[in-house]
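The values are calculated or read from the model by the stated rules, or taken from the named source; none is laboratory data. In this text the structure is predicted, and so the values were computed from the model without any measurement. Here the Cβ positions follow ideal geometry from the backbone for every residue, glycine too, while neighbour counts run over all protein chains shown.
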Amino acid sequence: MSILPERVQLKTPEQILMMRRSGKLLHRVHEMLAAEIRPGITTDELDTLAHDMIRDGGATPNFLGYQGYPATLCISVNEVVVHGIPDDRLLVEGDIVSIDGGLIIEGWHSDAARTHIVGSPRSVADEDLVATTREALWAGIAALAAADRVGQVSAAIEDFVSERAGESLSHLEGFGGHGIGTAMHEAPDVMNYRTRSRGPRVRPGMCLAIEPMLIQGPGNWTLEDDDWTVRATAGGRAAHSEHSVAVTEQGLLVLTEGDGGVAELALRGIVAAPDPLADPAA
């Protein structure tokens, strides 16, 4: 008996507008957190700040309670790659902190992650890790603009990391991005490296969360006893970068970027779709 793949849900322009509202609030939450990160603050305090801002914005955190997850954010520090649970740990100078979060407005989800270095970096390697992860995300987004199949996004991320970092960085095997919409995780899978599947065709209305996760050195990892925390085990530290992106008839709209992706896509020779929430005075 064959098992058919889960169907990709295509969104209407009106639905993408609601996802943009969700994504724009999430962008503001990430901007607030970036300003608050400093030595001496705890990951629990960051989580509380995000929770309060999401609620004050009329939205609901989508991580909190998801399959029993106990917090609003995933905050992963140093060798924790993803799904770190906020606690009373004090951040210190040079920590690498990945913050992954999402929210729901009127039933529509957003999901985005950023990685920060607290204060001054400990090494050039740490700076390169964070920068390469972010640029790998934009390499994948740029590939989506011209892709026929979702697998081309995965290939573009793999090629970018290989060309820029060689074997100094490894992908977190078995983890990747996903579709997003009325659920946080929808079809299709969006891996960060080539797989045997070319993936579904890219069509207007497709909304994807693209999210490279990179580890210094070998990509060995373990799942801790809390069934959430993914920790690198070969001595390297990690970074994570993510945006939710909509494919429209007019091009790409980066739902969780402040300007809809206009500036970053322009750097790569791509014209972004018009942002339905753009400030007309800007």
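The figures follow:
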item	result
Number of the exception - SER120 against (1) of a type in the set (S, T, N, Q); (2) farther than 24 Å from ARG28 by Cβ; (3) surrounded by 15 or more Cβ atoms within 10 Å (Cβ to Cβ)	(3)
Filtered residues of region 116-137 (kept if part of a helix (DSSP H, G or I) and either free of Cβ contacts under 8 Å to residues at least 60 places away in the same chain or touching a Phe, Trp or Tyr at 6+ places or on another chain (Cβ under 9 Å) (or both))	VAL124, GLU127, ASP128, ALA131, THR132, GLU135, ALA136
Answer from GLY176, GLY140 - the residue that is buried (at least 24 other Cβ atoms within 10 Å of the Cβ) and small (Gly, Ala, Ser)	GLY140
Candidate set: region 45-91, residues that are in a helix (DSSP H, G or I) and in contact with a Pro (Cβ under 7 Å, 6 or more places away or on another chain); chosen: the one nearest to GLY23 (Cα to Cα)	ILE54
LEU137 being in contact with a Pro (Cβ under 6 Å, 6 or more places away or on another chain) and at pLDDT 95 or above	yes
Qualifying residue in region 217-228 (condition: of a type in the set (S, T, N, Q) and in contact (Cβ under 8 Å) with a residue 24 or more places away in the chain)	no
Top-ranked residue of region 198-245 - restricted to ones that are polar (S, T, N, Q) and farther than 29 Å from GLY23 by Cβ, ranked as surrounded by the most Cβ atoms within 10 Å (Cβ to Cβ)	GLN216
